[in-house]
1. If the cut-off is a Cα-Cα distance under 19 Å, which lysines reach Lys240, setting aside same-chain residues fewer than 8 apart in sequence?
2. In what sequence do Thr134, Thr77, Thr292, Thr94 fall when counting other Cβ within 10 Å, fewest first?
3. So, by mean Cβ neighbours within 10 angstrom, what's the order for 377-389, 203-215 with the highest one leading?
4. Which far-off residues, 5 or more places away or on another chain, put their amide H under 5 Å from the one on Thr431, with H placed in the peptide plane?
5. Residue farthest toward the positive end of the dipole of the chain, with Cβ of Lys/Arg at +1 and Asp/Glu at -1: which of Phe78, Ala237, Ala258?
6. About the Cα centre of the range 362-454, how large is the charge dipole given +1 on each Lys and Arg Cβ and -1 on each Asp and Glu Cβ? Please answer in debye to the nearest 20.
7. What share of the DSSP beta bridges in the range 18-470 is antiparallel, in percent to the nearest 5?
8. Rounded to whole Å, give me the distance from the Cα center of the range 287-330 to that of the range 65-108.
Amino acid sequence: MGNVISTFTNDVLGNKDATAIAQAIANKEISVQEVTEAAIARAEKANPALNAIVLRMYDDARKFGGVAKGGLYGVPTFIKDSDNVAGYPTQLGTGAFKAKTAKRNSKFVGQFLSTGLNALGKTTMPEFGLICSTENERWGITRNPWDTDYTTGGSSSGSAAMVASGAVPIALANDGAGSIRIPAAICGLVGLKPTRNRLYGMDGAELMPLQLIHQGVLTRSVRDTALFYAEAEKHHANAKLPKLGYIDGPNKQRLRIAFYNNMAPGKVGHQDADTYRVQLETAKLLESLGHTVEQITLPIDADVMANYFLHYYGFLSYMLSYWSRFTLKSNVDRTVLEPFTTGLADRFRTSKAKLFESIGIMRKMGAAAEKDLEKYDLIMTPTLAHKTPKIGHFSPLLTSEEVTKRAVHFASYTGLNNVTGSPAISLPLGTDADGMPLGVHFIAPYGNDKRLIELAYELEQTRPWATLYNATNTKQVAAV
């Protein structure tokens with residue numbers, strides 16, 4: 001059994017979330033300098049065991065000027081190594097190309113930092129963010145703070161590890177098929193994938209035929225997620241979406257919520273015993289709170305959806321692998337790419353003509369699933385179909401075919417909302433038999449992120465979730 005890596009200690013950060021840290025700074029109870037040094041010390045103590053940091057920006061963080069009017073002023077954070085930060089390379093989790101130093105922040109990093117956050121560095125991710133665990137040759141293995149024998153999920157692996165361990169209370173994450181929600185579920189965090197284009201997207205994503213990637217954050221508390229979105233909206237608000245403002249608690253309105261029957265063994269979407277148990281427990285909890293809960297059948301063939309989704313991901317891998325001078329402004333050495341990356345690219349390369357057919361079918365299937373949201377206020381699913389796997393389950397040494405099979409049967413429920421653009425949130429509402437977190441996933445109609453945050457508040461208040469601060473003594477806690 002691995003160690004639990006918790007950095008919560010009696011320093012200026014204590015067990016404070018981002019909101020409490022920002023309030024303490026604003027009230028001059030603690031200084032930005034004290035907070036920054038405490039977070040750096042925590043990160044450096046945790047990182048040897050977790051391997052979550054790829055670039056340190058400590059000197060810049062210590063000179064922090066920040067956005068003094070931002071509601072998160074001075075709160076320490078990390079940025080996933082998928083987005084440009086001025087003065088640093090963006091390496092995308094791979095050593096297959098020479099990353100150039102970014103001349104400016106990406107649009108989303110600009111929005112992210114406009115909230116007042118102070119970035120300490122950049123965090124790990126799998127190669128090009130294509131798989132749901134960071135276990136690569138260049139950066140090594142990113143490990144789960146709850147138990148270092150287990151994966152953190154991905155692709156926002158390092159960000160999740162830093163937040164869950166207590167080093168920082170919030171970190172940048174993004175989500176192309178669940179990469180906010182997967183590590184949130186695995187690491188006991190709050191992970192909201194917002195409505196498409198609520199936040200600025202990844203630079204260049206608007207050129208893609210289907211915009212799958214959504215930007216966001218990972219946090220330990222619902223109010224931190226709410227505060228981030230309220231502050232980010234001040235920098236940029238999409239006029240086509242209803243504004244969120246600061247959401248400060250639950251709504252009294254009772255909701256009609258549906259959740260899906262378990263799929264048959266062997267089918268994509270089949271839930272293991274622990275996962276399905278947590279679904280049923282959450283359904284009963286919702287009913288006890290006065291919500292109407294109904295079990296329904298998944299309206300699409302998940303196996304078919306997965307096949308077309310993989311074809312589109314093959315297109316993305318192909319563009320990064322074979323057209324890197326255009327997409328990355330650098331040459332990729334395809335001989336050092338991981339088997340999963342090349343397998344996806346080859347999948348597309350041998351059937352390029354199916355791209356737009358795949359996109360069309362995914363959109364039709366997404367529209368079919370969205371019809372359920374005309375009858376219900378929310379849809380509930382597990383975030384992941386089975387409990388957290390150990391390191392090696394998604395090893396890059398495995399064949400592309402085997403990793404693909406494992407990924408499809410693991411992250412069965414998250415990718416659909418990247419196609420539709422509807423908001424979805426993972427909340428850490430259960431644990432498996434080994435004490436590892438399990439996430440429950442809620443989906444709202446397009447543009448209705450507010451409903452998800454309001455319900456998240458209610459569930460957090462009714463059944464507060466475990467964090468590493470109050471982790472039980474059933475595991476060995478490392479003295480870090």
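1. Within reach: Lys107, Lys193, Lys450.
2. Values: Thr134 34, Thr77 29, Thr292 13, Thr94 26.
The fewest-first ordering by Cβ neighbours comes to Thr292, Thr94, Thr77, Thr134.
3. Taking the mean over residues of other Cβ atoms within 10 Å, the ranking is 377-389, 203-215.
4. Leu438
5. Result: Ala237, furthest along the dipole toward the positive end.
6. On the way: 10 positive and 10 negative charges, 37 e Å.
Computed charge dipole of the range 362-454: roughly 180 debye.
7. Values: 30 of 44 bridges.
Around 70 percent of the beta bridges assigned by DSSP in the range 18-470 are antiparallel ones.
8. After rounding, the separation between the Cα centres reads 26 Å.
Values quoted throughout were computed directly from the atomic coordinates according to the rules given, and no laboratory measurement underlies them. Computed from a prediction, not measured in an experiment: that's the story for all the values here. No Cβ is skipped: glycine too gets one built from the backbone with ideal geometry, and neighbour counts run over all protein chains shown.
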